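Working notes for the structure below.
The values are calculated or read from the model by the stated rules, or taken from the named source; none is laboratory data. This one's a predicted model, so the numbers in the text were calculated from it and none came from an experiment. Glycine also receives a Cβ, built like all others from the backbone with ideal geometry; neighbour counts cover every protein chain displayed. Ligands, DNA and RNA are stripped out before the accessible areas are found, and what is left, the full protein with its side chains, is counted by its heavy atoms. Shrake-Rupley method; radii C 1.70, N 1.55, O 1.52, S 1.80 Å.
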Amino acid sequence: MGRDVFTDYSFKTAATAKGIEFESRSDGSRRAKTSVTYEAEQHSRNTGKLDPSVDPAVMVIRRSLPRFEETPDGKFRLTVGCPMDIESTCDTTGSMGSNVQTMIEVLPETYGMISKVLPGYDPQLALGIFGDKCDRFVMNRPQFEMTAEKIVNYVTKLVPESYGGDGPEDPQYAIFGAAYLTNTYVNRLGLKGYHFCISDAPFHDDLDPNILERIYGKHVWQELVDNGFGEITRRNLPDFDDMFKALHARAHAFFIGIGEIPSKWTRYYDRAHLIEIESTRYLPQIEAAIIGLTEGTIEPMDVRKWLRDNQVSNYNIDLAMHGLKNIQFAAQRDLEKASGLKIPQKGDLFATKQDLQPIGHLDPTTAGTEAGESTNTWL
């Protein structure tokens, strides 16, 4: 699966290959000169379909897996680090319709800041969007990807319809996918990945099997069986309490409100998982701060300065701190201790790709070292 990682250079190369040009704003941020989703929107109008890279019905279960290379003796070496799944689903209705444009403009900051607070990991990003059931496409959901080329590609395939029809929207179908149609390596380790839902609106109070089939395909029920959720059927859907409970069991899940947080969200996210800001342009910093606190790589006493040093305004820091101050510090480390398992690191050797724990370590700078003799420490 390779060893390439996201860099500023690879982002510029990937954006240029897609014909995306940027110009600098007065505050130093970048702005895409043209719509980054124009071709995808035209394609969807002509075909009535999403591109396969963002269609939730294509390869329905989203997987986050380790990246290996085979060694001459038939073992498998971890090439980057332990995978960490990070999924976001962002509202693109009404006034939120420009969020895909913003997503591409801040993408280097998103990956860069997240990677800094996840040292030793392989961050894998699935940056999706949602709308309303009255839209042609209720949601777009990409695969977890790690390289600039693939992430830029799927972001440009997203189709934000910027409509929505009424006040409440339909993120619950994206929550369903995050809870039940996701399969990640870190969950097998006893850890959790990260899920961010971003919106300025409440949601409809229904989970319709017809819409689930419209989004994920009529084969979604078999996909649920294959992913270990055979109890969920067309006639036996989870209620919202169970669905959100399943999401929180699998991921460190947060709701990020753009503006005042609608009260409906407070039923399913406690105050430590509700964050308020005024603009999606601050998502890279806020998401990284959340991850850093949860991983224990940013100290609570340092988070305000960390945000200020990363160009978040004092007003937005004050808004965000209402939630950030309540996050359980180093919650991921508590899960690690409870699991009793080691977190694999770059260079670890596995007997097969399906194994959970390594059998040794092979540093390419000391390739003659016997497996298992490494003195490198675990994360």
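Applying the selection to the stretch 155-183, what residues are among the hydroxyl-bearing types (Ser, Thr, Tyr), under 19 Å from SER53 (Cβ atoms) and touching a residue at least 60 places away in the same chain (Cβ under 8 Å)?
Start the filter on the stretch 155-183 by keeping residues that are among the hydroxyl-bearing types (Ser, Thr, Tyr), which leaves 156, 162-163, 173, 180, 182.
Among the residues that remain, those that are also under 19 Å from SER53 (Cβ atoms) are: 156, 173, 182.
Listed by number, the residues that qualify are THR156, THR182.
Report every pair of residues separated by at least 6 positions or lying on different chains whose Cβ atoms are under 9 Å apart, first residue within the stretch 262-280 and without any contact (Cβ under 8 Å) to a residue 60 or more places away in the chain and basic (Lys, Arg), second open to solvent by less than 80 Å² (accessible area, probe 1.4 Å) and assigned to a loop (DSSP other than H, G, I, E, B). From the stretch 262-280, the pairs are ARG271/ASN326.
Counting only residues that are under 24 Å from GLY167 (Cβ atoms) and either crowded, with 21+ Cβ neighbours inside 10 Å or of a type in the set (S, T, N, Q) (or both), how many does the stretch 248-260 have? Final tally of qualifying residues: 6.
A quick yes/no check of all residues on (1) among the small types (Gly, Ala, Ser); (2) buried (at least 23 other Cβ atoms within 10 Å of the Cβ):
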site: ALA174; (1), (2): yes, yes
site: THR182; (1), (2): no, yes
site: ILE211; (1), (2): no, no
site: TRP221; (1), (2): no, no
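Just one residue in the set TYR180, TYR154, TYR173, TYR194 is closer than 30 Å to ARG67 by Cα and touching a Pro at 6+ places or on another chain (Cβ under 6 Å); that residue is TYR154.
One line per residue, one yes/no per condition, for (1) more than 24 Å from LEU356 (Cα to Cα); (2) open to solvent by 60 Å² or more (accessible area, probe 1.4 Å):
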residue: ARG281; (1), (2): yes, yes
residue: ILE286; (1), (2): yes, no
residue: THR294; (1), (2): no, no
residue: VAL303; (1), (2): yes, no
residue: TYR315; (1), (2): yes, yes
residue: GLN328; (1), (2): yes, yes
residue: GLN332; (1), (2): no, no
residue: LYS337; (1), (2): no, yes
residue: ILE343; (1), (2): no, no
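Contact map, the stretch 312-323: first residue more than 13 Å from ARG281 (Cβ to Cβ), second residue open to solvent by 80 Å² or more (accessible area, probe 1.4 Å), Cβ cut-off under 7 Å, separation 6 or more or different chains; pairs are ILE317/ARG304; ILE317/ARG308; LEU319/GLU278; MET321/ARG304; GLY323/ARG271. Whenever a residue of the stretch 130-152 is over 19 Å from VAL36 (Cβ atoms), its partners that are surrounded by fewer than 20 Cβ atoms within 10 Å (Cβ to Cβ) and among the β-branched types (Val, Ile, Thr), lying with C-beta atoms within less than 6 angstrom and at least six residues away or across chains, give the pairs LYS133/ILE211.
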